[in-house]
Amino acid sequence: MVFKLYFSRVPTGLIKWVLNQLGYNINEILILFAFGFSWYSLKMSDNSIIVTNLSKTFTFPVRSATAGWVKNLFSPEKREITAVKEVSFSVKAGERIAFIGPNGAGKSTTIKMLTGILFPTAGTISVLGLDPSKDRKKLAYRIGTVFGQRSQLLPNLPLTDSLEFFGVMYGMSDADIKSRISELVELFDLSAFIDQPVRKLSLGQRMRAEVAAALIHRPEIIFLDEPTIGLDVVAKKALRDLLIKINKEEKVTIFLTSHDVGDIESLCDRTIVINHGTIINDLPTNELSRAFAYEKYIDLIPKTSFKNFPSLLEGATYFLKSSEKITVIVDINKLSVQDSLKRLLELFVVEDIDVYNTELETTIRHIYERDSAR
Amino acid sequence: MMQELHFALYAIKKNIQSSAELRTSFLMNIIGMAINNIAFIILWVYFIQAVGIIGGWTAADIIGLQGFTAICYGLVFSFAGGIKKLPDYVSSGSFDRFMLSPKNILMRVSTSSFTPSGIGDLVFGVICLLIYGILMHASMVQILLIMLLVALATIIFFSVTVVIYSVSFLFTDAAFVVDGLFTLFLTPSLFHGGAFQGALRAFFMFVIPALLVGTIPVEIVKDISMGKLAIVAVFTVIWLVLSIKIFNRAVRHYESSNLMTFGG
């Protein structure tokens, strides 16, 4: 029917004649078109987020030392900074992505463009098939957001009112709001403080409540900007566990920015590293240490006890010197693990040896430092 | 549209509940503003009694003028009090949450905050218009005109406020400039029509429409002038459309920031 309507508007005779001249049959072309369209739809539905050559530039006035105060006041010089520069990546539905980088790298700017808060200077964004700058309202119904430094809750009213407020905002029915609040209260263990005014909640309780509020309308993607900032270790773990739970149980795609290595390590299966507005790495989180660690740690346990600490080969340095244990850091760009072990065994009589990679935090620091030094 | 209105009313209800949680501050704000306004009108009445009719304006007319302006101010800043917080929302970055809302941004921002003192203005304005109606022995037509003009003047007041507060998006720390511009609009709206003649009257009608809030409505009710009513109605539509367009364009200049804020 659709094809009939479509073809009634175009000169089908002419098209058929052209195709015949080229040796094609109209039915073959239609089948090919349908196949191509299905493949494209499948490909698109697989990706929750597609970002292509995304850039964002901010302009601001600067004081000129050479100009007078009148010129500085009325006609100041303008400086342009590129916060995000030709960034491209895609995120599959159900993925847990860490979007990391040092302060001012462009993480928050990117997340704000993905959610429709900021308008891009150049490039294209597709989130769930929608353009955030054009389809802001439609997109808002399908995504959830949590900004660690910013609360969306109503400070003076009980938490339950905030959850209900968001439910009404997303156009949910009263019955749906009630049942969803019950689900979230159970999932996030909110019952102990659901009737307390939000301003009286602890930071850990508030963050759990923020995430619950962001999930009230069952979003397909949740964007979290530093969700564990300021939380103690127990609250951090509880929040991470909850995020993994909603990812697994409700198939919510998680897009997270954080400076906390624990968030990245325990929560995200893929890490995108951004610095100076450009993506410098995009790889599975468990490969991050392996790919970028240029330091190995070697622990030596003595047969009796260590007494002397002689100088090491270039590329190896003591990290810990004690009679019960020595830890040596080896820069593998300067010295191989084999050579360093050989030398250490010549120097010390040992009971046990342990060789391991640097922690993820050190690896990330190395990535940032290496990129800054470029 | 109905969904937007339904949510706007719901948000206003929640804002009132939120403000009422802080009971003492809530009541003191309302009572304080009512006392402040009563003192102001007593001053005007004594002034008129001392100098007689000014430029054709009697004490009753001035009570009417104060009534219209107070109701507009009260309605806009109590129920749509969020618009007054726009400079703060923009500079702190808390405007983000309105961009993330699935609702109309202007409506969402406007209904994001409730100012209890606005209720004091509103109550005061209603009392003023009641006194005005009694003093002028208002006919049924005049009563209907008062009601219609309250609605039109409130829309104009809201629209002009939106245009002024949209300046917040154009440069950093716009609060001082916005307050200055708003005073330039509000102050002339509190002065009787005799104070503005010729070019000044045209300026405060067509450029900064302060006179459309109180002065012209009082003149329309007094003279039962349908011509002036039509002009006010046309200007209401123009200002409303203009304000929405300007606000939506200004929003595109929003650059967000990362200060710590609370919701609402």
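Worth pointing out:
- Each Lys and Arg contributes +1 and each Asp and Glu -1, all at the Cβ; summed about the Cα centre of the protein assembly as shown, the dipole is approximately 1360 debye.
- Using C-alpha pairs under 8 Å with a sequence gap of at least 6, the mean separation divided by the residue count of chain B gives a relative contact order of 28 percent.
- Antiparallel beta bridges, as assigned by DSSP with both residues in the protein assembly as shown, represent about 70 percent of the total such bridges.
- Other residues with beta-carbon under 15 Å from the beta-carbon of residue B:21 carry, at +1 per Lys or Arg and -1 per Asp or Glu, a net charge of +3.
- Inter-centroid distance (Cα atoms) of the range B:1-46 relative to the range A:320-368, Å: 69
- GNM result for chain A, Cα springs below 10 Å: residue of A:193, A:60, A:74 fluctuating most strongly: A:74
- Of all lysines in the structure, those lying under 27 Å Cα to Cα from residue A:16, and not within fewer than 8 positions of it along the same chain, are A:4.
- Exposure proxy order (Cβ contacts within 10 Å, fewest to most) of A:356, B:89: A:356, B:89
- Taking other C-beta atoms within 10 Å as the exposure proxy, A:138, A:251 rank A:251, A:138 from fewest upward.
- For chain B, a Gaussian network of Cα nodes joined below 10 Å ranks B:144, B:190, B:200 by mean-square fluctuation, and the top entry is B:200.
- Separation of the residue B:3 and residue A:78 label points, Cα + 7 Å toward Cβ, nm: 3.8
- Alpha-carbon centroid distance for the pair the range A:204-220 / the range A:185-203, whole angstrom: 11
- Straight-distance crosslink candidates among lysines, where the alpha carbon sits under 16 Å from residue A:71 and sequence neighbours closer than 8 are dropped: none
- Environment charge of residue B:171, counting only residues whose C-beta is closer than 13 Å and scoring Lys/Arg +1, Asp/Glu -1: -1
- Estimated from helical segments only, the mean residue ellipticity of the protein assembly as shown at 222 nm is -17000 deg cm²/dmol, where each DSSP H run of four or more residues counts as -39500 (n - 2.57).
- Placing pseudo-labels 7 Å out from each Cα toward the beta carbon at residue A:69 and residue A:174 gives an inter-label distance of 6.3 nm.
- GNM top mover of A:335, A:239, A:187 - chain A, alpha-carbon springs below 10 Å: A:335
- Options B:253, B:239, A:219, ranked by Cα towards positive dipole end of the protein assembly as shown, top entry (Cβ charges): B:239
- When both bridge partners sit in the range A:49-289, DSSP labels roughly 60% of those beta bridges antiparallel.
- For the pair the range B:171-203 / the range B:66-115, the C-alpha centres are spaced 20 Å from each other.
- Helix B:140-165 axis, angle to chain B major axis (alpha carbon atoms, nearest 10°): 40
- Ascending count of other beta-carbon atoms within 10 Å, so fewest first, for B:206, B:196: B:206, B:196
Here, each number is a calculation from the coordinates, and none is a lab measurement. Just so we're clear, the structure is a prediction, and the values are computed from it rather than from any experiment. Quick reminder, even Gly has a Cβ in these numbers, built from the backbone with ideal geometry, and neighbours come from all protein chains shown.
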